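Have a look at the structure below before the remarks.
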Amino acid sequence: MTGRDGRPWLIDPAAYGGHREVDLAMLQLFGAPGEDVFAAYEETAPLSPGHAERVTLWQVMPLLAHAALFGGGWGASADAAIRRYVP
């Protein structure tokens, strides 16, 4: 897209307006940026206690979607994530 001044703008087609822990869990699932990004996030807007234990929980749905769409090792990853919460 372009702005009124003709300069190009990049629009993220996967913009998300939900819970911030989900965004961070997705970053960790699909090639997270360095730890400095997470440290800066925590310094600016600290997460609720226990957030690290919920990362895998937030990843279950995208893992299942990838298993259904692409097969491969995604199914095993989804199974491992689910078993963390449901023995």
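The values are calculated or read from the model by the stated rules, or taken from the named source; none is laboratory data. Everything numeric here is computed off the predicted structure, so don't read it as measured data. Please note: Cβ atoms are built from the backbone with ideal geometry, for glycine as well, and neighbour counts cover all protein chains shown. Calculation scope for accessible area: heavy atoms of the full protein, side chains included, ligands and nucleic acids excluded. Shrake-Rupley method; radii C 1.70, N 1.55, O 1.52, S 1.80 Å.
Ligands, DNA and RNA excluded, the heavy atoms of residue 85 present near 80 Å² of accessible surface to a 1.4 Å solvent probe. Counting only protein heavy atoms and a probe of 1.4 Å, the accessible surface of the chain is 63% carbon and sulfur. Fraction of C-alpha pairs exceeding 16 angstrom in the chain: 64 percent, rounded to a whole number. Here the Karplus relation 6.51 cos²θ - 1.76 cosθ + 1.60, evaluated at θ = phi - 60°, turns the backbone of the stretch 69-79 into coupling constants of 7, 10, x, x, x, 4, x, 5, 5, 5, 4 Hz, with x for every Gly and Pro. Computed with every protein chain present, the accessible area of residue 9 is close to 150 Å² [probe 1.4 Å].
Per residue, the solvent-accessible area of the stretch 1-62 (1.4 Å probe, heavy atoms of protein chains only, all protein chains present) comes to 77 Å². Note on the chain: with a GNM built from Cα contacts shorter than 10 Å, the maximum mean-square fluctuation among 68, 39, 15 falls on 15. Between residue 41 and residue 16, full extension at 0.36 nm per residue minus the direct alpha carbon distance yields a gain of 7.3 nm. Specify the residue with the greatest mean-square fluctuation among 55, 37, 22, computed from a Gaussian network of the chain linking alpha-carbon atoms under 10 Å apart. Of 55, 37, 22, the most mobile in the Gaussian network model is 37.
Once phi is turned into θ = phi - 60°, what whole-Hz ³J(HN,Hα) does the Karplus curve with 6.51, -1.76 and 1.60 give for every residue of the stretch 28-45, x standing for Gly and Pro? Karplus-based 3J(HN,Hα) across the stretch 28-45 equals 5, 6, 10, x, 4, x, x, 4, 4, 5, 5, 5, 5, 4, 4, 5, 7, 9 Hz. Entry note, the chain: the mean residue ellipticity at 222 nm calculated from DSSP H runs of n ≥ 4, each adding -39500 (n - 2.57), is -19000 deg cm²/dmol after division by the residues and rounding to the nearest 500. Annotation: amide H of residue 47 has no partner in the under-5 Å range at sequence separation 5 or more or interchain, hydrogens built in the peptide plane. Think of the chain as having a plus end and a minus end, set by charges on the Cβ of Lys, Arg, Asp and Glu; of 15, 49, 71, 71 sits farthest toward the positive end of this dipole. Between 36, 12, 23, the GNM of the chain built on Cα springs shorter than 10 angstrom shows 12 fluctuating the most.
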